[in-house]
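The values are calculated or read from the model by the stated rules, or taken from the named source; none is laboratory data. Keep in mind it's a predicted model, so treat the numbers as computed, not measured. Cβ sites come from the backbone with ideal geometry, for glycine too, and all protein chains shown count toward neighbours.
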Amino acid sequence: MSRSRHRRPPTARSVIRRGRGVRGPMLPPTVPAWRTRGQQFDRLVLEAFAPLDSRWHDRLTKLDIAVDDVPKIRPLHPDSVTWPDEVVADGPVPLSRLIPAGVDRHGQATRARVVLFRKPLELRASDPDDLVDLLREVLVQQIATYLGVDPDVIDPEAEEE
């Protein structure tokens, strides 16, 4: 028995009947739930950075905030991890890194930058509110390192909480 080479086009009924469910996007792009995880994380970073920027804007004009998915820095010996002041870490896992201003390999001047590592930060927070708090703590530490002051000076409200 040979099969016909011409199959009929699948209909909505046949697709659902075979258990494949609805095809295509389920949400329109105008809905907030349509955002990717990276876009949602970027929004939370801006939410955590906004109060710090409003207070220290004059001194943070030459500082950039960047997001990377995973850290590309690793300790040589995970058992005895020591990180420089520019790295905020949870044990052997870096959560963020401050890259000071300098000159790149092409001789161009670069701005100082705080790089937040998305996946390690998301794994340490149980919900979006905890993630905003964690982001704020990490940003306070990095801004304090950048400005050369104590973290309590950057965010005195954190001490009260």
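With respect to the conditions (1) among the hydrophobic types (A, V, I, L, M, F, W, C); (2) at pLDDT below 90; (3) under 16 Å from Gln142 (Cα atoms), Ala50 falls short on a single one, namely (2).
Sub-8 Å Cβ pairs linking a first residue in region 117-136 that is more than 21 Å from Asp155 (Cβ to Cβ) to a second residue that is exposed (fewer than 15 other Cβ atoms within 10 Å of the Cβ) and not basic (Lys, Arg), at least 6 apart or interchain, are Arg118/Gly38; Arg118/Asp68; Arg118/Asp69; Arg118/Val70; Lys119/Asp69; Lys119/Val70; Pro120/Val70; Pro120/Asp90, ordered by first then second residue.
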